[in-house]
Amino acid sequence: MGFIKMMTYFVLFGIFVYVFCFLFIGVNSYLQYKHKVPKNADYIIVLGAGLKKNKPTLALKYRIETAAEYAKENPKTKIIVSGGQGKDELISEAECMKIELIKLGIEENRIIKEDSSTNTYENMKFSKNYIKDNEKGIIVTNDYHLFRSIKLAEKQGLHIVGLPAKTPTVILPTAYIRECLSILKALYYDHI
């Protein structure tokens, strides 16, 4: 087989994988908008999404705003902000989310910080420590990320639905590929 023919197959396979990922994540994201999010959930888990020094990325900002909107309408719901500190971050993602939620009018005593996690699997595993067995909750993350997040939470025994935050358009192309690979990794390690 010639080099050009092999490269052609490689490029076509790459395009196929990208289209598959885009459709798979896209359909599952759309399905998240079709269910009704319950009022007065016992808790919300807001997943971290990286910081720029000590400020939220746009993806994280959308998650915080979505959580704040729900929390204002449901004043008895506790909020678990989940995310550790990356090596280039000045504070933990959980601390940043707490600060931003307070700025948006959410009472500090409603916010619980889980600041040890370094990935979505750990977000669920460590957040579970703040949740009683019979409580029902909501995950807030960007829409492309909800499918895997819910599956990871269910594997931890959490009774949860997703509340999608908008995904910044600029990250969509890479987010879908990364998410597809993360789903495959989670399947491999039996996390979902």
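From its DSSP helices (H runs of at least four residues, each -39,500 (n - 2.57)), the chain gives a residue-normalised ellipticity at 222 nm of -16000 deg cm²/dmol. Within the accessible surface of the chain, defined with a 1.4 Å probe on protein heavy atoms only, the carbon and sulfur portion equals 60 percent.
Rg and Dmax of the chain, both derived from C-alpha coordinates alone, stand at 17.8, 66 Å.
For Ala153, neighbours were defined as the other residues whose beta-carbon sits under 10 Å from its Cβ, and their charges (Lys and Arg +1, Asp and Glu -1) total +4.
Shown are Phe22, Phe147, Phe3, whose ranking by accessible area with a 1.4 Å probe and every protein chain present, most to least, is Phe3, Phe22, Phe147. Lacking any other cysteine beta-carbon closer than 4.7 Å, the following Cys residues of the chain have no compatible partner: Cys96. So how tilted is helix 172-188 from the main axis of the chain? Cα-based, degrees 0 to 90, rounded to 10. Taking the Cα atoms of the chain, the angle to 172-188 is about 90 degrees. Between 0 and 90 degrees, the angle of helix 93-103 with respect to the longest Cα principal axis of the chain falls at about 50 degrees. So in region 1-142, what percent of DSSP beta bridges are antiparallel if you round to the nearest 5? Approximately 10 percent, going by the DSSP bridge assignments.
For Asp88 and His159, a Förster radius of 25 Å and the Cβ-Cβ distance give a FRET efficiency of 0.10, rounded to the nearest 0.05. Here each label is just a point 7 Å from Cα along the line to Cβ, and for Lys166 and Tyr9 those points are 4.5 nm apart. For the chain, the per residue solvent-accessible surface stands at 57 Å², with DNA, RNA and ligands left out and a 1.4 Å probe.
Rolling a 1.4 Å probe over the protein chains gives Lys52 an accessible area of about 140 Å². Compared with the dominant principal axis of the Cα atoms in the chain, helix 58-73 is inclined by about 40°. The listed residues Met1, Met7, Met124 rank as Met1, Met7, Met124 when sorted by accessible area, largest first, using a 1.4 Å probe.
About its Cα centre, the dipole of the chain is roughly 260 debye, where the only charges are +1 on Lys and Arg Cβ and -1 on Asp and Glu Cβ.
Residues Arg178, Arg63 ordered from highest to lowest accessible area at a 1.4 Å probe: Arg178, Arg63.
In this structure, the amide hydrogen of Gly162, modeled 1.01 Å from its nitrogen in the peptide plane, lies closer than 5 angstrom to those of Ile139, counting only residues at least 5 positions away or on a different chain. Cross-link pairs exceeding 19 Å between alpha carbons, from the set Lys55/Lys113; Lys52/Lys72; Lys61/Lys103; Lys72/Lys132; Lys36/Lys185; Lys36/Lys166: Lys52/Lys72; Lys72/Lys132; Lys36/Lys185.
The values are calculated or read from the model by the stated rules, or taken from the named source; none is laboratory data. Everything numeric here is computed off the predicted structure, so don't read it as measured data. No Cβ is skipped: glycine too gets one built from the backbone with ideal geometry, and neighbour counts run over all protein chains shown. Just the protein is used for accessible areas: all its heavy atoms, side chains included, with ligands, DNA and RNA removed. Shrake-Rupley method; radii C 1.70, N 1.55, O 1.52, S 1.80 Å.
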